[in-house]
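Shown next, in structure tokens, is the structure this report addresses.
All of the numbers you see were taken from the coordinates with simple rules; none came from a lab. Computed from a predicted structure; not experimentally measured. Don't worry about glycine lacking a Cβ; one is built from the backbone with ideal geometry, like all the others, and counts go over all protein chains shown.
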Amino acid sequence: MRIVPYIKQGIRTHIEDEACEDAFLQMEFDSVHDRLGVNYRSHNIHMDEMYNFTFVFDGDEPVQASGCQILSDNVVRIFSRYYAFNDYRTDSTNILEKIDDFMELKYSLELCKDFPLVIWSRDRPAGFFKRLKRGRPDIFKDWEVYPERIELMRKDNLQSIFYIGDVKHLHSLRYESVPL
């Protein structure tokens, strides 16, 4: 497997353009019936907010796509617009299993190391994050689960937060704190 950066540290790379464009089209087509399928339409990926956006390929086949979204000068959100392509989705019997064994996460964290706070958020309860922390200490031993769900950036956008870094920066991302 290999990582192909579409955007790296805020700059469009033009690396393997044809493969990336094909992967975008496949993602848009395949995600039509997914719960969050609307997020994978080209106009909803928010490329202008991405610090990084990568594809993982297995040969010529796209495995997954994922972004690191800049939320503020101090906070970046990993796994933004994360998408696992249909042929590479796990069967969920082991929720700690990722087809790339977190290769893309390690790559992205290295590029995002200058952000004081890195978060991973989900619109679901925090149980998944707690299981990751317990089950994969090789990767997540220094990560913390925020004790409550917050309205992240927008009203009614309740998110569980998994983070590494200085959590004081999370306050500025709460809906009531975001400047209009």
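The H on the amide N of residue 71, modeled in the peptide plane, is under 5 Å from the matching H of 76, 77, each at least 5 residues off or on a different chain. Sorted on the mean count of surrounding Cβ atoms within 10 Å across their residues, most packed first, peptides 122-129, 50-57 read 50-57, 122-129. Listed from fewest to most Cβ neighbours within 10 Å, the set 46, 169, 14 follows the order 14, 46, 169. Residues in the stretch 146-155 carry Karplus couplings, in order, of 5, x, 9, 6, 10, 7, 8, 6, 10, 4 Hz; the curve used is 6.51 cos²θ - 1.76 cosθ + 1.60 with θ = phi - 60°, and Gly or Pro positions show x. For 12, 134, the sequence from fewest to most other C-beta atoms within 10 Å is 134, 12.
Pairs over the 20 Å Cα-Cα cut-off, from the set 106/141; 8/113; 113/155; 130/155; 8/168; 106/168: 113/155; 130/155; 8/168; 106/168.
As a footprinting exposure proxy, order 83, 107, 88 by other Cβ within 10 Å, with the fewest listed first.
Ascending Cβ contact count within 10 Å gives the list 88, 107, 83.
Give me the net charge for the shell around residue 58: Cβ to Cβ below 10 angstrom, other residues only, Lys and Arg +1, Asp and Glu -1.
Local net charge: -3.
Annotation note: GluC sites (Glu not before Pro) in the stretch 99-168 located in DSSP loop regions with a Cβ neighbour count of at most 11 within 10 Å are 148.
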